[in-house]
Amino acid sequence: MRWLIFLLLALAAPASAQRIVFAGGHWAAIDRGGVCEAGSRALRIAAKGKVQARAGFAFDTAGPRRGQFFALLSRAPRPGSTILLTVGRQPFLLVSNGQWAWSSGAAQETAIIAAARDAGGMTIRSRDRSGSRFTDRYMLDGAATAIDAAAARCAGKSARS
């Protein structure tokens, strides 16, 4: 099951432009060239032809992202609906566009990463276009090490530039 996570994350970019830096628990750190990501897929496997929900933290080698939380949601949220990330017991309101959601800034990113280090799981909840509630669930075992590996990998590239 864990290898499926790595396969899904690896399929998101061309093989020549990526390298797995760390894989453990339900998380992996991937070097995609100018971006390093710590990511995981949702616990629920998407049905054939449906979008597989995934979430993670992005770090740029020379850009503004230094732990930006992002998520590809299992369903497109209803326009104007709230996207709520809960890490352990701590809630965070996310920004969204289509099926993508992300953190709102550096302070929130720092808080999400801190919460992820102490929690066992996280959920993302919203309402889809028909008004039905949906939840994407994630385990956080391996997240702290994946986040650290992705951050260190991109920081190291930035220092070499």
| remark: If we keep only residues of segment 62-85 that are touching a residue at least 60 places away in the same chain (Cβ under 8 Å) and in a strand (DSSP E or B), then the residue most open to solvent (accessible area, probe 1.4 Å) is 66
| request: Looking at (1) at pLDDT 95 or above; (2) touching a strand residue (DSSP E or B) at 6+ places or on another chain (Cβ under 7 Å); (3) on the phi < 0 side of the Ramachandran plot, find the lone condition where residue 151 falls short. | output: (1)
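When you check residue 120 against the structure, is it out of contact with any Cys (no Cβ under 9 Å at 6 or more places or on another chain) and on the phi > 0 side of the Ramachandran plot, yes or no? Let's see the steps before the verdict.
Working: out of contact with any Cys (no Cβ under 9 Å at 6 or more places or on another chain): yes; on the phi > 0 side of the Ramachandran plot: no.
No; evaluated as a whole, the condition is false for this residue.
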| field | Any hit, segment 53-60, residues being in contact (Cβ under 8 Å) with a residue 40 or more places away in the chain and touching a helix residue (DSSP H, G or I) at 6+ places or on another chain (Cβ under 6 Å) | value | yes
| remark: Among residues of segment 23-45 being charged (D, E, K, R) and surrounded by 24 or more Cβ atoms within 10 Å (Cβ to Cβ), the residue farthest from residue 136 (Cα to Cα) is 37
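So which of 105, 131, 121, 88 is at pLDDT below 95 and surrounded by fewer than 21 Cβ atoms within 10 Å (Cβ to Cβ)?
On the way: 131 fails: at pLDDT below 95; 121 fails: at pLDDT below 95; 88 fails: at pLDDT below 95.
Exactly one residue qualifies, and that residue is 105.
Which members of segment 108-118 meet the condition of being open to solvent by 40 Å² or more (accessible area, probe 1.4 Å) and closer than 11 Å to residue 67 by Cβ?
Residues of segment 108-118 open to solvent by 40 Å² or more (accessible area, probe 1.4 Å): 110, 114, 117-118.
110, 114 - these are the residues of segment 108-118 that are open to solvent by 40 Å² or more (accessible area, probe 1.4 Å) and closer than 11 Å to residue 67 by Cβ.
The values are calculated or read from the model by the stated rules, or taken from the named source; none is laboratory data. These numbers were taken from a predicted model, which means no experiment stands behind them. Every residue, glycine among them, receives a Cβ derived from its backbone with ideal geometry; neighbour counts consider all protein chains shown. Remember, those area values only see protein heavy atoms, side chains included, never the ligands or the DNA or RNA. Shrake-Rupley method; radii C 1.70, N 1.55, O 1.52, S 1.80 Å.
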